[in-house]
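Quick note: the coordinates plus some simple rules give every number you see, no bench work behind them. Since we're looking at a predicted model, the values are computed, not measured. All Cβ positions, even for glycine, are placed from backbone atoms using ideal geometry, and neighbour counts span all protein chains on display.
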Amino acid sequence: MRTANITIDPAALTHNLTQVKKRAPGAKVLAMVKANAYGHGVAAVLPALKQADGIGVATFAEAMEARQLGWDKAIGLVEGVFSADEWQQAIDNACSCVIHHTPQLNWALENIPAEDSPARQVWLKYNTGMNRLGFDEKTVIEAAQRLHDAGYQLILTTHFANADDRDHPLNATQIQRFSDMLEYLQQHITPSIEGSLCNSAGIVNFSEHHHDWVRPGIMLYGSSPVIDQSAIDLNLKPAMEFSARIMAMHIVNTGEAIGYGSRWTAEQDTRTALVSIGYGDGYPRVISDDAYVCIVDANSNISYRCPIRGRVAMDMIVVDLSAAPVDIALDSKVVLWGAMPHVDEVASHAGTIGYELLCRLSARPKRA
Ligand SMILES: Cc1ncc(COP(=O)(O)O)c(C=O)c1O
C-alpha cells in the first residue's frame, strides 16, 4: 500500500506550550489553531493544548469544529464575524470575537450578549502599523467607549508586522502606539481593559511587552518564529513528522537523467530510491537541488541524509542513496520533515516559510 504519513506528537505540542508559558509566565495563552491547527489537524492538537486559556481561530467554521470536539474553554475569532447572523452564532457558541471595523461594531452594539456570556468579551483591534485589520487612533477610542458603555469587556489587541526581525524599526513604533493607546483607554474608559500584542515572534523577541494575553501559533508546532534563532535554539520540538516509504530502488547509469525535465544527470552510476511522495501530498515542487530527506533503514534503524535528485512530481520523488548502505531495506521510512530535516529547513530550500508547508499539506497523506 502506498504510504505517506502525517504523524502528530502530542508531547511535543505540550512541551512547546510549556515553553510559551515559561517565556510569558504572567500572560494568558490563546493558542492559535486556525487553518486546521497549521495543518496538524485540530482534533489531533486540542487534547495536547488543554492547558491553554483559549484557542484562536480564523473562521466560525473552525470555532464550531473545536466546539464539536468538546473544547469548552475560550475561543477567539481573530478576524471576528462576517455578518450579523454570524455574530448571533458566535454568541450562541460562546465565542469571543475580534472587532476590527465599523460593521462588526454595529452588529455588537445592536445585539448585546447576556451578561454572563463569553461573547461579552471582545478583542478590539487597533491598527498600529500592519495596515490590514483594525481601527485607527481616533476611531478606536470611540469604539472602545461605545463597547464599554454597552457592557462589553475589552481586550485591546494588535498584530506585529515584523516581530520575527527584532531590529526592524516598525516594532518599536507598534509597541509604542499600542502601549500608549492601552494606557489611554485604561485611564479614560476603564482600568479593566486588557491588552494582547504578541504572536510567537513577539513572545520570543519582546518579553517585556507580553501584556495580558499572548497568542502563540507557529512556536506551538515547533517551528522557530524568529530569523536569528532556530527551533533547537529556542527548545521547541517539531509536532509533525511527514514521511513516506521507499517504493523501489534503481541504479541510474552515468549520463542518464532523472524525472520530468531531465533536470539531474548522473555523473556516475548512482543508487536511487523512488519515494512515494510528491506535490500531490503537499511536498513543495519548487524545492532546490540541495534539499534532502532522512531515510531510516528498516534493517538497522540508522538514519541517512539523502539528497533529492530531479524534479518533485505529483506522486513521487527520487532520492540519491549514495550515503546509505547497499542493503538498505525496501519500505524504509523516508522523513520529508520532522526532527530532521526540520520543516523550517525544508521551507528555506523551497523559498518559503514553515507555516506555508504545514498549512498546504493535501488531504492525501494518511494522518495517524
Ligand atoms: C491575530 C493573530 N495572532 C497570532 C497569530 C499567531 O502567529 P504566529 O503563528 O506567528 O505565532 C496569528 C497568525 O497569523 C494572528 O493572525
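Computed from label points 7 Å out along Cα-Cβ, the spacing between Gln51 and Ala339 is 2.2 nm.
Going 7 Å from the Cα of Ser322 toward and past its Cβ, which residues in segment 249-266 have a backbone nitrogen under 15 Å from where you end up? From segment 249-266, the list is 251-258, 264-266.
Sort out for me the Cα centre separation of segment 1-51 from segment 240-256, rounded to whole Å. If you average the Cα positions of each part, the centres end up 31 Å apart. Every helix of 4 or more DSSP H residues in the chain counts as -39500 (n - 2.57), and over all residues that averages to -8000 deg cm²/dmol at 222 nm. With a Förster radius of 30 Å applied to the beta-carbon distance between Ser303 and Met130, the computed FRET efficiency rounds to 0.15. Taking the DSSP beta bridges with both ends in the chain, the antiparallel portion is around 55 percent. 3J(HN,Hα) couplings calculated from phi for segment 89-106 with the Karplus curve 6.51 cos²θ - 1.76 cosθ + 1.60 (θ = phi - 60°) are, in sequence order, 5, 4, 4, 4, 10, 6, 9, 10, 9, 6, 10, 10, 8, 4, x, 5, 4, 5 Hz; Gly and Pro show x.
Rounded to whole numbers, the Karplus 3J(HN,Hα) couplings from phi for segment 2-8 are 5, 10, 10, 10, 10, 10, 9 Hz, using 6.51 cos²θ - 1.76 cosθ + 1.60 with θ = phi - 60°, and x at Gly and Pro.
In this structure the amide hydrogen of Ala329, modeled in the peptide plane, comes within under 5 Å of the amide hydrogens of Ala298, Asn299, none closer than 5 places in sequence on its chain. For segment 346-352, the Karplus equation 6.51 cos²θ - 1.76 cosθ + 1.60, evaluated at θ = phi - 60°, returns couplings of 4, 4, 5, 6, 10, x, 9 Hz by residue, with Gly and Pro reported as x.
What number comes out for the charge environment of Tyr184, summing +1 per Lys or Arg and -1 per Asp or Glu over other residues with Cβ under 15 Å away?
Cβ neighbours under 15 Å give a net charge of -4.
Rounded to the nearest 20, the Cβ-based charge dipole of the chain about its Cα centre (Lys and Arg +1, Asp and Glu -1) stands at 640 debye. Length gained on full extension, Lys366 to Arg166: 68.2 nm, using 0.36 nm per residue less the C-alpha separation.
Cα centroid separation, segment 149-170 to segment 191-233: 11 Å.
Highest mobility in the GNM of the chain, judged by mean-square fluctuation with C-alpha springs under 10 Å and restricted to Pro307, Pro325, Pro113, is found for Pro325. Remark on Gly195: its backbone amide H falls under 5 Å from those of Leu156, Asp212, Trp213, a criterion applied only to residues 5 or more positions apart or on other chains, H modelled at 1.01 Å from N.
Counting each pair of different Cα atoms once, what's the Kirkwood radius of the chain in Å, rounded to one decimal? Provide the component values of the computation, followed by the final result.
Working: mean 1/r = 0.0449 Å⁻¹.
That comes to 22.3 Å for the chain.
Label positions at Glu256 and Thr102, each projected 7 Å from the Cα along the C-beta direction, are separated by 6.9 nm.
Test of understanding: what is the full-extension gain from Ala11 to Gln176, defined as 0.36 nm times their sequence separation minus their Cα-Cα distance?
That pair, Ala11 and Gln176, stretches by 55.7 nm at full extension.
So, in Å, what gap is there between the alpha-carbon centers of segment 279-327 and segment 338-368? With segment 279-327 and segment 338-368 each reduced to a Cα centre, they are spaced 14 Å. Near the amide H of Thr128, within less than 5 Å, lie the amide hydrogens of His159, all on another chain or at least 5 residues away, with H placed in the peptide plane.
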